[in-house]
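One structure below.
FYI, it's all coordinate maths here, none of it is from the lab. Predicted model, so just to flag it, every value in this text is computed and none were measured. A quick note on method: Cβ atoms are made from the backbone with ideal geometry, for glycine too, and the neighbour counts reach across all protein chains shown.
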Amino acid sequence: MRRVKVKDLFGEQRTFQVRAILAALAAALLISLVGARLFWLQVVRHDYYADLSQGNRVRIEPLPPDRGIIYDRQGRVLAENTPAYQLTVTREQVPDLDATLARLVGLELLEQDDLPRIRQLLVSRRLFEAVPVRLRLDENEVGRYAVHRHELPGVDLATRMARHYPFGPVGVHALGYVGSISEDDLKRVEPGDYFGTASIGKTGLERAYENLLHGAGGFREVLVNAEGRSMQSLGDSSPDLRISRPVAGRDLELSLDIELQRIAEEALGENRGAVIALDPWTGDVLVLASTPTFDPNKFARGISTADYRALTSDPDQPLFNRALRGTYPPGSTIKPLMALAGLEAGVIGPDDTRFCRGFFTLPNSRHRYRDWKKTGHGTVDMKEAVMTSCDVYFYGLAATLGIDRIHDSMARLGFGKPTGIDIEGERGGIMPSTEWKKSAFRQREMQVWFPGETVIVGIGQGYWSATPLQLAHATAVLATRGPHFKPRLVRAVRDPVTRESEERAPQALEPVVLKDPASWEVIVDAMVAVTTGPRGTAVRAARGAEYSIAGKTGTAQVFSVGQQEKYDEDTVAERLKDHALFVAFAPAEQPKLVVAVLVENGGHGSSVAAPIARRVFDAYLLGTDAP
Amino acid sequence: MMGSAFGESRTRRNVTAGSRLLRALHLDGPLLLLLSVTCAFGLLVLYSASGGNTGLWLRQAVRLGVAVAAMLVLAQVPARFLRILTPAIYAAGVLLLVVVAGLGDIGKGAQRWLDLGFVRFQPSEIMKLAVPMMCAWYLHDRALPASFGETLVVLAIILVPVLLIFEQPDLGTALLVAAAGIIVLLLSGLQWKFVFAGTGLAAAAAPLAWFLLHDYQRRRVLTLLDPQSDPLGAGYHIIQSQIAIGSGGVFGKGWMNGSQAQLEFLPERSTDFIFAVIGEELGLLGQLLLLGLYLGIIGRSLYLANECRDTFGRLVSGGIALTFFVYVFVNTGMVTGILPVVGVPLPLVSYGGTSMVTLMAGFGILMSLRSQRKLVRT
């Protein structure tokens, strides 16, 4: 033992004793301090507090604010507050709680699954309180209740304002919905403001604009008797009662066009898919559709456990916002953008041709990158390559450009990062680069970028993934020939009292300036050829249009086909079928609308996605809708 | 064993059957009596504070049963084992805190609970006992008072779990755990120059700590200074609890008759603010009775700590006794408006399971430790 100090057991015992006594004294002293405080409160100031306690016969009742109303671009109401009948149970008036609840289940006014939760809710509240057990009854349910009312003492109807979405499922992925406030929700708002508010924005605009829509809560004082019952008849004779009026939330005016939205959703039909339509000159989003949809009113009126489970377990994932959160390989829809990158980099001219024999190989490699057309397109220039969607042309172009140059020009158009639309949850997809690959993979050997990976990026496959919103956003630059705007759903915020609207200026992003502005028209011409040219891939969908459409089809592979195999549409399981894509703007010369369509496992962009876009264009530009 | 041999020779007197039983179970009669009376008082008050909610009351009674069982079991564990197991308990506790922090990161929110499927518990609760035990374990076979270096090691033992708990964020528990460790250090005979230097440092660091606090925590400190500034928000608790206490007067409004509590003006009346219900319904006398009981428990525990045979036993017991005091003081101080609102329950009275079990487990450990009697100079 090198220790110099020697352990002195008795010394330590003595030290402890001294310290323990000191600690006991300190404890006694501090507790006496509390005692002194009690003496001050209860003896010296007793009268003062006794008065205040009497004053507490006045109870503060919260007055929730009216939630802001949401209008579409034509002033149609998309989300409003309507009086809702809610079912309440007052325990002390119910002779037999279990029997009453069972009866309500029998009348299909409650669901068996919800009973344990409701029973617990009831027991936790005071006997005389009317506790809401269902937040919104429809007319049939109100009728059923009315008929059986005499069997249900203690069960009453009460009205309150509840959120209602008149268009139901239409536009739900943009609007979002409100639902009961959870503990997590309270962390992102000031809980004091939600005293008395029953619901809060959960997704979409309802969530993103919560702070504007909600407003500020108020309160009023009511007299209560010794048991806490409100004595409303005394209300008028008590001038001292304070009231603080709630401040209603702000109304939102959207860029969304609900009629166009409805048409887009109808055109998508039973498919899983997404449609984005935006005004390229402002970034206004006119359509943000994702199917399948669901009814937000279910959430607003308190969704039942069974309904919620049905939504979350549906293999088609109706709650999933494909337009913002679905990331897909963009496929051939980015070929015009690749061509633009090639022109801008100076590696290729509009009239330079390439011979397509049906496949492409890299120097010193035998791997065949196949064209969608087995026999090849022959000699194609840029316009023909875009028009016929020749893969070989773009394999070669991508190989010449190299992945980092591709990355830089596509990143300028918004790939690889969220567009910044004004609702939450948007994904940024992946715009690959050598840099990206280093950080995306942990294993060293995976971090190297292979030339073959560049080749398939040329046709929008490989690591590249993008959301439908990103596709529309990038295509918008072609429509405007340079100017670029951040997509947005809210155009103006309106004060509900003065009815004054505060317009929000479109948010301009850095415009894309080309070395040679003539390149714009090269690309747009090629895209017009897609819908009008002799071998254009979208000719059928654009037939008979009274305006010109610049578009590009895309067919994105979900799984890869081996070197010798053949992709056979009929035998491939539905979930492994290709995604169908289409991006377009019209009229090509003076574009008013950009549309991006994605149909999951839809097959071909030309036959499935393009007709959907056509219907949206017709409705918007001509005001006609013929399904 | 040596300890019991000493003990018996020292306490040869007329033993009744009851005290023989207590001795056999390693229990201390006076402490057990004080704890029982306090718990009974607590249940009585809780019934009223919960507005006569029998379901809630029964749940608490069951928890009390679990807590008493934990105390009885731990009292039987030989002190030697407790000491040997201490590092393992401490390490397991820290590990669980890290796991919980990881889960919290995934869930993007405050995460204090570990869900084992059949039971959920807060690892930070373990640390309330593990930290003082670990400090005592470390100091046990070193010559005391601890050197500067050794003191730093003890501080590290305290700081690691405290920071993890603070990050959860759970300021109240972090403070209690830190207090438990520091108390052990003080009881071990920490030199006064360190004590003063430490206090000075803490005072200097206070402005820094202000920046570490969450907004709502800062607001609580500010509203303590001026509760009226926010009568519907953070100040509401303080105002309403003072009205409840003040209006109770000397004798109170009577059990189940407090209008503040019964009309639900008083928030958290069955948990953190139950002391105000006692003030309103049972008056100054009821509150002083409870404070007296608490002082009795603290005094008796310190006495038992002093009776322990070795340094480990003394330090752990003393730590448990004084941590209990910190609980009492922080809660009653907060409810009476002399300390800011920190989420600390009133020991043995507030509704809530985990803290009750931890407290009683602590007293079980204390009784186990003192059943090895101390050395006497012959």
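The figures follow:
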read-out	value
Whole-number D in µm²/s for segment A:87-150 (Stokes-Einstein; Kirkwood sum over Cα pairs; 20 °C, 1.002 mPa s)	178
Reciprocal of mean inverse Cα separation for segment A:372-419 (Kirkwood radius, Å)	12.3
Total formal charge among the other residues, if their Cβ is under 15 angstrom from that of residue A:516, Lys/Arg +1 and Asp/Glu -1	-3
Cα long-axis angle, helix A:97-106 against chain A (0 to 90 degrees, to the nearest 10)	30
Extreme residue, positive dipole direction of chain A, given options A:244, A:403, A:175 (C-beta unit charges)	A:403
Shielding score for B:328-335, defined as the mean number of other chain Cβ atoms within 10 Å	3
Average beta carbon contacts from partner chains per residue of A:43-52, 10 Å cutoff	5
Ordering of B:63-69, A:97-103, B:45-51 by burial proxy (mean other Cβ atoms within 10 Å per residue, highest first)	B:45-51, B:63-69, A:97-103
Counted charge near residue A:327, where neighbours are those whose Cβ lies closer than 15 Å (Asp, Glu -1; Lys, Arg +1)	+3
Given charges at Cβ of Lys, Arg, Asp, Glu: the protein assembly as shown dipole, positive-most of B:335, B:86, A:538	B:86
For chain A, size of Cβ-based charge dipole, Lys and Arg +1, Asp and Glu -1, in debye	2240
Angle between chain A longest axis and helix A:403-412 axis [Cα atoms, degrees, rounded to 10]	60
Computed lengthening from residue A:216 to residue A:515, 0.36 nm per intervening residue step minus Cα-Cα distance	102.4 nm
Debye intensity ratio in log₁₀ form over the Cα atoms of chain A, taken at each q of 0.06, 0.07 Å⁻¹	-0.48, -0.61
Packing rank of A:140-153, B:126-139, B:323-336, where each peptide gets the mean count of other beta carbons within 10 Å, highest leading	B:126-139, B:323-336, A:140-153
Shielding of B:247-254 by partner chains, average beta-carbon count, 10 Å	4
Binned Cα-Cα distances of segment B:266-378, short to long, each 10 Å bin given as a whole percent	14, 40, 28, 13, 4, 0
Residue-wise HN-Hα coupling along segment A:544-556, computed from phi with Karplus coefficients 6.51, -1.76, 1.60 (Hz; x: Gly, Pro)	x, 5, 8, 9, 8, 10, 9, x, 8, 7, x, 9, 9
Separation in nanometres of the label points that stand 7 Å from Cα toward Cβ, at residue A:316 and residue A:36	7.4
Peptide ranges A:602-615, A:530-543 listed from the most packed, as the mean C-beta count within 10 angstrom indicates	A:602-615, A:530-543
Under 5 Å, built H, 5+ apart or other chain: amide partners of residue A:371	A:359, A:360
Sites residue A:121 and residue A:500, calculated FRET efficiency, Cβ-Cβ separation with R0 35 Å, nearest 0.05	0.25
